[in-house]
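Right, one structure below, let's go through it.
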Amino acid sequence: MAYWKDYYTPTTVEEAVAILARYEGKACMIGGGTDLLLEIQQGHRPKMDALVDPTRIEGLQEIVEEDGFLVIGAGVTHTTIVNDERVRSRGTCLVESCGVIGGPQVRNVATLAGNIAHALPAGDGTIGTLALGGEIQVAGPDGIHWFPMEETFIGPGKSTVDAKQMMIARIRFRPTGDQEGSAFRRVMRPQGIALPMIGMAARVQLQGDVIESCRIAIGPASKVPFLAVETMKFLAGQPPTSDTFAKAAEVALEEVQLRTSPHRASAEYREEMIRVQLPKTVAKAVERAQSGQAVPEGVGA
Amino acid sequence: MSLLKLTVNGKPVEVDVPESRYLAEVLRYDLGLTGTKIGCNESECGICSVIVNGRPVNSCIYPAFKAQGADVTTIEGLDKEGQLHPVQQAFLDHGAVQCGFCTPGLIMTAKALLDDKKAAGERVSEADVKVALKDTYCRCTGYQSVINAILQASGEDVKPYIPETKTPHRTVGRALANPDSLAKITGRAMYTDDFCFPGMLVGRTKRAGLAHARIRSIDTSAAEALPGVVAVLTHKDVPGRKNHGLVSVDWPALCYDKVRYAGDAVAVVAAESEDVAAEALELIQVDYEPLPVVNDALQAAQPDAPIVHEERPDGNLLKHIKVRKGSIDQGFADADVIVEKTYRTPMTEQMFLEPECSIGVPKGYNPESFGGRVDPKAERGIHFQHDKTTIYCGTQIPYLDRDQTAAALGVANEDIRIVAALMGGGFGGKEDIAAQIHVALLAERTGRPVKMLYTRAESLLFHPKRHATVIRIKTGAKRDGRLTAVEAELYGDGGAYASLSEKVMTRATTHASGPYEVPHVVVDCYAMYTNNTPCGAFRGFGVTQSCYAVESNMDLVAEELGMDPIEFRRVNALDVGGTTCTGQVMRESVGLKECIDWLEKDMRAHHEENGTPFQWSWADGTKRYAWGIGIGYKNTGLGGGAPDKASAIVEAWVEDGKAIAEVRTSSAEMGQGLPAVLAACASEELGLPYEQVRVLLGDTDHCPDGGPTTASRQTYVSGNAARLAAKQLRLILATAAANKLGHSAGELEFADGHIVCNGSRASIADAIQWAQESGQSTKIEHEYWAPKTQPLGTGGDMHVAFGFGAQAALVEIDSETAEIKVKKIIGANDVGRAINPLTLEGQIEGGIIMCLGNTLTEHFVTDQGAPWTDVMARYKMPSIKHTPKIISRIVEHETADGPFGAKGIGELSSIPTTPAITNAIYNAVGVRVYSVPVDQDSLLMAMKAGEKECLMGWGDFEPVPSVPDRILVSAEG
Ligand SMILES: Cc1cc2nc3c(=O)[nH]c(=O)nc-3n(C[C@H](O)[C@H](O)[C@H](O)COP(=O)(O)OP(=O)(O)OC[C@H]3O[C@@H](n4cnc5c(N)ncnc54)[C@H](O)[C@@H]3O)c2cc1C
Ligand code: FES
Ligand code: FES
């Protein structure tokens, strides 16, 4: 069956954006197509005249270090991220979150850019990137600009990055440094769709015996990938003890909006999982910050 | 059209194709590399995996032009000059190939793993295999053999896991690869969609989409006017019988008065392309008057329920099935302990990996008139003549397909030919008519071959599933542990059409007191019509459901009695001399107690290995562990008075100086290993090496009727037919040889391809020639009749034999999340006689994992006749990561009439796993699960609240009625 007509693999960002413009809303970006093509095939999205694949754009298939950032190109697959030593040690929660997406066949083609552009509240790679303080570089009719990723989410599956006009060209975050660590955990059920019942990631900066600062992302905990700002504020300045972590979970429970998703998870279960998993996630990030060692866990699980 | 350049299997290729092509389509349809299979087209099953620039990808959703310039390796590129790749060899050695449909995907994914690890200089661990194959599914094997095979291929010293069995005969009893496995591991095996006929059209079906509605009118004019549409047919175009059905003829080939479930077929289209066919479906206008929907079996039994089939005298009651033994009042009066509970099981889906496909070829078809030839690469001795309407399809019952198609077309049965292609799994879901009638109608209308390949979504929507049931069961026992009474009431959701409901629910009913000696039994089962997808056969045939209820109650009673669950079962287990609830006295072949002994031994051995004393449950940190057990049995053969017969031909000839024998019968191979059994039976009787025996199945013009492949019957009936035909053939050969060798025929020994007697020796090939020279035919047909059985309610032998099985499950539950892992399954099965321990083990492991899915992952969720489970991604079957360690024990209490003593095994292992796991969950966390699949969400909430009952399974909309009362006042008048 034909679900699109033309397939483009441009070699520059400008060319990609120009193709989108030329098709006037009848073309869109595609990464691995592991969300997009299924949605079109299953009738949840209209067929397209053209697909624009950024994986052959020069430089966008790589992860590079630039200006103190780790920069991930739009063509970078989850497999590439999972295998990258720099991300493993200094963006550990991203490896852990991308490493549980699908199986190897999916991770070999699916991109982090696609995961973020899809803007699902519980997109795993999205949650991992959000905790790291990720930014995305968007190229479109208005030029090319960096945005903190949380500014681009406007609703479940909705982002200001309109893939029919714009592309995410790059994603970047500051790698964790001295006394810093990150971790990701999720809870799945063995039935139904491939999205977690709940997932969360934390990035923790220690200052001696206290948590200096912290970023925590949880999904699904709101209409958009959720940054637990109050919990982050609470944790700043606290000692990294189990008591603190348990209290943090209670703070998080105050600020999240948990829903029951039919056949996926009840709000009560999600609440309980925040209580159980959030302390563990923060504790793991702290442990990594303290030891300076990070070995990603659960990849491929 | 654009030029696509690839290197495929080391060779550069260029094809001019539309840019909308997927890689799988290019490989299969443009390059003819049909070894790559498509199971879902939604990046879910992984069986379409090919290697692109060193990495496995799902070719089904990989845009072909994304691969421009890439290096692509497919299954066809693995064996070099007849030398198998080590992974292929290992799959063969370990019996990791059953239906073979997933095999190319598993092998390609495994190869990529091995290549990666080799490049990194690392060894491959079991954990690595589980990560690499996590999303590459196999519905047949249960994965243990797959893991072992891959480890062997990586250079580890891993031997095939073959349980101990009796000393083998010459062939029978030996672990031998299924004869068709080689074709399957190399990608040469032909399934229906792999056939391509010149001039072939694409067929598609317009489905109702509504669960219950009256048809006011159907307008096909716009569809017919669409360029590229060759034919649009509705019920008006069905010249013969409008309905079909295996038991009751109630299922319209194309709906005429009403639609009764969302998957009902209303019209069919044949078009020049898939796109045109899809557009044509959109243009067909059906005017419906929606009717109220019957949502489930309990609602169906309410007096005010809407009626699904108005013409039936009993309303929605499809069948009331009864078992009566002794006096139930007496039984409960005798009881010291009584437990009464209600259980629920959901509708589940076979999820064979090959979606239904049928090709109709019109009578008199000549490929040359379409400028082509039929691809001669088909290897299975398929006779490509088309002097009658011919249907290529994967089917479990070729002869009934033929007869039902003939009836619809209004022609004689002999005017239709069914050619069964290899089948990528069936498990019961390919017994009813799918598109066979439709493609025959379209082919005859258009004069061209027409292929109908269902999408996964259509397959899910259309085909009969496992019955959802609600089972109330009341069990009584004395202080000493002896059961006194079982009373059960079952409601089965039969869906919109009868399919095999009556038979399936009868099995659920007659097995509802378990494999125990129970003096007083009353069982009432109500199979109901609803507006759900029809329910029919699915491995376990109703017994999977009732066993869950029976064995859960058994544990509850044991607890009340303060008795060890194993001891309690041992006290009550059927034995020779015992009587089933239908009044059948067991005269032989009851190995149940031995199976139970194995469980006890192996559970203890597990603890001894770990240096701990045996305990039913224990904790470690946040993890809770426990064992649970379940016991089951399953009839072999149709039974219940149904004539149960199979015919087979065994023909011998000489080819290149070698004796060849071919077994032909129209029974079906869907991965269960029937060819191996038939070849072994013939090889054994003829003394001919196994490799010299071929098997041809399911061509109704060349193979006699083997009857339905259902009820675990084929080893028994077709195995016997093949064995007895071979025996007669041996007599002919012996007579011919006796004359030449100067001995009496009775003195001759047939072994290893030779006939020997007192030092004189001749080859079987010679004997074949001698027989033929003397004018004897070396083609023997034998019709085997299984011993007569009695209808339910008349006492006596309802079945020719029963297989018995016992399983123990070790589970781990995270007390914080209620996530469940099954760590180990011990399964002991009395199979009568293991004809081929390798394929037998494959059946056992696959059955266990399938039933593990029934317990933990699988539910075809539907509400008001609208399935929520509309894609494979919404129906998780167990993946390799769910695979526990399986310990398998074979008990062989031979049955006198089975071939070499064998009974059926295809379903048995898929029966006791559910209660073994749910009993283990109870032992671990103190919560009993009354509805499966277990929902970790509800389970956790029950654990937190300190409740002992979990009444919601995953996908349920409301709790199981917990009131231990009659569920409804009798549905029957
Ligand atoms: C079997 C399976 C399991 C999965 N499991 C998980 C899981 O566990 N967790 C999870 O989070 N997801 C999961 N997914 C979903 C999916 O694989 C991921 O979300 C993936 O990261 C999407 O990436 P992609 O490159 O395939 O995106 P695509 O499908 O190509 O695109 C997704 C969306 O993003 C847009 N887009 C893509 N690239 C760009 C770009 N550069 N700029 C702007 N817009 C763009 C597209 O237009 C589309 O709207 C699973 C999918 C499958 C098939
Ligand atoms: S993943 Fe491609 S066919 Fe299933
Ligand atoms: S052998 Fe794997 S699906 Fe049949």
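The values are calculated or read from the model by the stated rules, or taken from the named source; none is laboratory data. Remember, it's a predicted structure, so these values are computed and weren't measured experimentally. Neighbour counts are summed over all protein chains in view; Cβ atoms, including those assigned to glycine, are modelled from backbone coordinates with ideal geometry. For the accessible areas, the whole protein counts, side chains as well, though only heavy atoms, and no ligand, DNA or RNA atoms are used. Shrake-Rupley method; radii C 1.70, N 1.55, O 1.52, S 1.80 Å.
Cβ-Cβ under 7 Å, sequence separation 6+ or interchain: first residue in region A:23-47 and at the interface with chain B (Cβ under 9 Å from one of its Cβ atoms), partner among the polar types (S, T, N, Q). Which pairs?
Every condition considered, the pairs that remain are A:Gly32/A:Thr77; A:Gly32/A:Thr111; A:Thr34/B:Ser43; A:Leu38/B:Ser43.
Applying the selection to region B:1-50, what residues are more than 16 Å from ligand 2 (Cβ to nearest atom) and touching a residue at least 60 places away in the same chain (Cβ under 8 Å)?
Residues of region B:1-50 that are more than 16 Å from ligand 2 (Cβ to nearest atom), as a first pass: B:1-20, B:30-32.
B:Ser2, B:Leu4, B:Lys5, B:Leu6, B:Thr7, B:Val8, B:Asn9, B:Gly10, B:Gly32 - these are the residues of region B:1-50 that are more than 16 Å from ligand 2 (Cβ to nearest atom) and touching a residue at least 60 places away in the same chain (Cβ under 8 Å).
Any idea which of (1) more than 10 Å from ligand 1 (Cβ to nearest atom); (2) in contact with an Asp or Glu (Cβ under 9 Å, 6 or more places away or on another chain); (3) within 14 Å of chain B (Cβ to nearest Cβ) is the one A:Gln61 doesn't satisfy?
The number of the failed condition is (2).
For region B:1-15, state whether one or more residues are within 14 Å of chain A (Cβ to nearest Cβ) and either under 25 Å from B:Lys117 (Cβ atoms) or at pLDDT below 95 (or both).
yes
Answer yes or no as to whether B:Glu551 is on the phi < 0 side of the Ramachandran plot, touching a helix residue (DSSP H, G or I) at 6+ places or on another chain (Cβ under 8 Å) and in the same structural domain as B:Phe614 (by TED's automatic domain parsing).
Details: on the phi < 0 side of the Ramachandran plot: yes; touching a helix residue (DSSP H, G or I) at 6+ places or on another chain (Cβ under 8 Å): yes; in the same structural domain as B:Phe614 (by TED's automatic domain parsing): yes.
Criteria met by B:Glu551.
So, B:Arg174, is that one touching a residue at least 60 places away in the same chain (Cβ under 8 Å), assigned to a loop (DSSP other than H, G, I, E, B), open to solvent by 50 Å² or more (accessible area, probe 1.4 Å) and within 16 Å of ligand 3 (Cβ to nearest atom) or not?
Values: touching a residue at least 60 places away in the same chain (Cβ under 8 Å): yes; assigned to a loop (DSSP other than H, G, I, E, B): yes; open to solvent by 50 Å² or more (accessible area, probe 1.4 Å): yes; within 16 Å of ligand 3 (Cβ to nearest atom): no.
Taking the combined requirement at face value, the residue does not satisfy it.
So B:Gly100 fits all but one of (1) within 12 Å of chain A (Cβ to nearest Cβ); (2) within 16 Å of ligand 2 (Cβ to nearest atom); (3) touching a residue at least 40 places away in the same chain (Cβ under 8 Å); what number is the exception?
So B:Gly100 meets the others, but not (1).
Determine, yes or no, whether B:Gln88 is in contact (Cβ under 8 Å) with a residue 12 or more places away in the chain and either of a type in the set (Val, Ile, Thr) or more than 15 Å from ligand 2 (Cβ to nearest atom) (or both).
On the way: in contact (Cβ under 8 Å) with a residue 12 or more places away in the chain: yes; either of a type in the set (Val, Ile, Thr) or more than 15 Å from ligand 2 (Cβ to nearest atom) (or both): yes.
Considered against the rule, which asks whether it is in contact (Cβ under 8 Å) with a residue 12 or more places away in the chain and either of a type in the set (Val, Ile, Thr) or more than 15 Å from ligand 2 (Cβ to nearest atom) (or both), B:Gln88 comes out as yes.
For region A:83-135, how many residues are in a loop (DSSP other than H, G, I, E, B) and within 16 Å of ligand 2 (Cβ to nearest atom)?
Let us first name the residues in region A:83-135 that are in a loop (DSSP other than H, G, I, E, B), namely A:84, A:91, A:99-103, A:108-110, A:119-123, A:133-134.
Filter again for within 16 Å of ligand 2 (Cβ to nearest atom), leaving A:101-103, A:108-110.
The number of residues fulfilling the criteria is 6.
Please name all residue pairs, on different chains or six or more residues apart, with Cβ atoms under 6 Å, provided the first residue is in region A:114-135 and is open to solvent by 20 Å² or more (accessible area, probe 1.4 Å) and the second residue is in a helix (DSSP H, G or I).
So the pair list comes out as A:Asn115/A:Gly125; A:Asn115/A:Thr126.
Can we say B:Gly209 is under 30 Å from B:Leu291 (Cβ atoms) and open to solvent by 40 Å² or more (accessible area, probe 1.4 Å)? I'd like the intermediate steps shown before the answer.
Working: under 30 Å from B:Leu291 (Cβ atoms): yes; open to solvent by 40 Å² or more (accessible area, probe 1.4 Å): yes.
When the stated conditions are applied, B:Gly209 passes them.
Being part of a helix (DSSP H, G or I) and either more than 8 Å from every other protein chain (Cβ to nearest Cβ) or under 21 Å from B:Ala468 (Cβ atoms) (or both) is the filter here, so list the residues in region B:864-873 that pass it. Reasoning before the result, please.
Within region B:864-873, the subset part of a helix (DSSP H, G or I) is B:872-873.
B:Met872 - this is the single residue of region B:864-873 that is part of a helix (DSSP H, G or I) and either more than 8 Å from every other protein chain (Cβ to nearest Cβ) or under 21 Å from B:Ala468 (Cβ atoms) (or both).
From the list B:Glu502, B:Glu567, B:Glu517, which residue is under 28 Å from the mean Cα position of the chain (by Cα) and acidic (Asp, Glu)? Outline the logic, then answer.
Numbers: B:Glu567 fails: under 28 Å from the mean Cα position of the chain (by Cα); B:Glu517 fails: under 28 Å from the mean Cα position of the chain (by Cα).
After ruling out the rest, the residue left standing is B:Glu502.
Being open to solvent by 10 Å² or more (accessible area, probe 1.4 Å), within 14 Å of chain A (Cβ to nearest Cβ) and in a helix (DSSP H, G or I) narrows it down to one residue among B:Lys876, B:Lys881; which is it? Spell out how you get there, then give the answer.
On the way: B:Lys876 fails: in a helix (DSSP H, G or I).
B:Lys881 is the lone residue from the list that is open to solvent by 10 Å² or more (accessible area, probe 1.4 Å), within 14 Å of chain A (Cβ to nearest Cβ) and in a helix (DSSP H, G or I).
Residues B:Gly203, B:Gly228, B:Gly187: which one is touching a helix residue (DSSP H, G or I) at 6+ places or on another chain (Cβ under 7 Å) and within 16 Å of ligand 2 (Cβ to nearest atom)? Reasoning before the result, please.
Details: B:Gly203 fails: within 16 Å of ligand 2 (Cβ to nearest atom); B:Gly228 fails: within 16 Å of ligand 2 (Cβ to nearest atom).
Exactly one of B:Gly203, B:Gly228, B:Gly187 is touching a helix residue (DSSP H, G or I) at 6+ places or on another chain (Cβ under 7 Å) and within 16 Å of ligand 2 (Cβ to nearest atom), namely B:Gly187.
If you scan region A:27-40, which residues turn out to be out of contact with any strand residue (DSSP E or B) (no Cβ under 7 Å at 6 or more places or on another chain) and either part of a loop (DSSP other than H, G, I, E, B) or under 13 Å from B:Tyr62 (Cβ atoms) (or both)? Outline the logic, then answer.
Taking region A:27-40 and keeping what is out of contact with any strand residue (DSSP E or B) (no Cβ under 7 Å at 6 or more places or on another chain), we get A:34-40.
Matches in region A:27-40: A:Thr34, A:Asp35, A:Leu36, A:Leu37, A:Leu38.
Can you pull out every residue in region B:661-676 that is open to solvent by 10 Å² or more (accessible area, probe 1.4 Å) and at pLDDT 95 or above?
As a first pass, look at region B:661-676 and keep what is open to solvent by 10 Å² or more (accessible area, probe 1.4 Å): B:662, B:664, B:669-670, B:672.
Listed by number, the residues that qualify are B:Glu662, B:Arg664.
Rundown of residues vs (1) within 13 Å of another protein chain (Cβ to nearest Cβ); (2) on the phi > 0 side of the Ramachandran plot; (3) of a type outside the set (Ser, Thr, Tyr), yes/no style:
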position	(1), (2), (3)
A:Ser242	no, no, no
A:Glu250	no, no, yes
A:Val256	no, no, yes
A:His263	yes, yes, yes
A:Glu272	yes, no, yes
A:Val282	no, no, yes
A:Val286	no, no, yes
A:Ala289	no, no, yes
A:Gly292	no, yes, yes
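Any residue that is more than 16 Å from ligand 3 (Cβ to nearest atom), surrounded by fewer than 24 Cβ atoms within 10 Å (Cβ to Cβ) and at the interface with chain B (Cβ under 9 Å from one of its Cβ atoms) - is there at least one of those in region A:80-91? Break it down stepwise before answering.
Start the filter on region A:80-91 by keeping residues that are more than 16 Å from ligand 3 (Cβ to nearest atom), which leaves A:80-91.
Next, from what is left, pick out any that are surrounded by fewer than 24 Cβ atoms within 10 Å (Cβ to Cβ): A:80, A:82-86, A:88-90.
Keeping just the survivors that are at the interface with chain B (Cβ under 9 Å from one of its Cβ atoms) gives none.
Looking for residues that are more than 16 Å from ligand 3 (Cβ to nearest atom), surrounded by fewer than 24 Cβ atoms within 10 Å (Cβ to Cβ) and at the interface with chain B (Cβ under 9 Å from one of its Cβ atoms), one finds none in region A:80-91, hence no.
Using the structure shown, decide if B:Glu25 is in a loop (DSSP other than H, G, I, E, B) and either acidic (Asp, Glu) or modelled with pLDDT under 95 (or both). Give the derivation first.
Values: in a loop (DSSP other than H, G, I, E, B): no; either acidic (Asp, Glu) or modelled with pLDDT under 95 (or both): yes.
No.
Only one residue in B:Asn829, B:Asn854 is more than 30 Å from A:Leu195 (Cα to Cα), surrounded by 24 or more Cβ atoms within 10 Å (Cβ to Cβ) and either within 14 Å of chain A (Cβ to nearest Cβ) or modelled with pLDDT of 95 or more (or both). Which one?
Details: B:Asn854 fails: more than 30 Å from A:Leu195 (Cα to Cα).
Result: B:Asn829 is the single residue among B:Asn829, B:Asn854 that is more than 30 Å from A:Leu195 (Cα to Cα), surrounded by 24 or more Cβ atoms within 10 Å (Cβ to Cβ) and either within 14 Å of chain A (Cβ to nearest Cβ) or modelled with pLDDT of 95 or more (or both).
Would you confirm whether or not region B:439-458 contains a residue that is more than 16 Å from the chain's Cα centre (by Cα), within 16 Å of ligand 2 (Cβ to nearest atom) and among the aliphatic types (A, V, I, L, M)? Please lay out each step first, then the result.
Looking only at region B:439-458, we keep the residues that are more than 16 Å from the chain's Cα centre (by Cα), and these are B:439-458.
Narrowing further to those that are within 16 Å of ligand 2 (Cβ to nearest atom): B:453-458.
Of the ones still in play, those that are also among the aliphatic types (A, V, I, L, M) are B:453, B:457.
Checked against the condition, which is being more than 16 Å from the chain's Cα centre (by Cα), within 16 Å of ligand 2 (Cβ to nearest atom) and among the aliphatic types (A, V, I, L, M), region B:439-458 yields at least one hit.
Taking the condition in contact (Cβ under 8 Å) with a residue 40 or more places away in the chain, within 13 Å of chain A (Cβ to nearest Cβ) and away from ligand 1 (no atom under 16 Å from the Cβ), does B:Lys134 pass?
On the way: in contact (Cβ under 8 Å) with a residue 40 or more places away in the chain: yes; within 13 Å of chain A (Cβ to nearest Cβ): yes; away from ligand 1 (no atom under 16 Å from the Cβ): no.
The answer is no for B:Lys134.
Just to be sure, is B:Tyr497 touching a Phe, Trp or Tyr at 6+ places or on another chain (Cβ under 6 Å) and assigned to a loop (DSSP other than H, G, I, E, B)? Steps first, answer last, please.
Numbers: touching a Phe, Trp or Tyr at 6+ places or on another chain (Cβ under 6 Å): yes; assigned to a loop (DSSP other than H, G, I, E, B): yes.
Yes: the conditions hold for B:Tyr497.
Quick one: which strands (runs of 3 or more DSSP E) lie wholly within region B:257-355 and hold at least 3 residues that are surrounded by fewer than 21 Cβ atoms within 10 Å (Cβ to Cβ) and touching an Asp or Glu at 6+ places or on another chain (Cβ under 7 Å)? Walk me through it before giving the result.
Working: elements: B:265-271, B:285-290, B:317-325, B:337-345.
Here the list reads B:317-325.
Of the residues B:Lys474, B:Lys451, only one is assigned to a strand (DSSP E or B) and surrounded by fewer than 24 Cβ atoms within 10 Å (Cβ to Cβ); which? Spell out the reasoning first.
Details: B:Lys451 fails: surrounded by fewer than 24 Cβ atoms within 10 Å (Cβ to Cβ).
The unique qualifying residue is B:Lys474.
Just one of B:Ile835, B:Ile849, B:Ile887 is more than 14 Å from chain A (Cβ to nearest Cβ), under 30 Å from B:Ala177 (Cα atoms) and under 21 Å from the mean Cα position of the chain (by Cα); which is it? If you could, list the steps in order and put the result at the bottom.
Working: B:Ile849 fails: more than 14 Å from chain A (Cβ to nearest Cβ); B:Ile887 fails: under 21 Å from the mean Cα position of the chain (by Cα).
After applying the criteria, what remains is B:Ile835.
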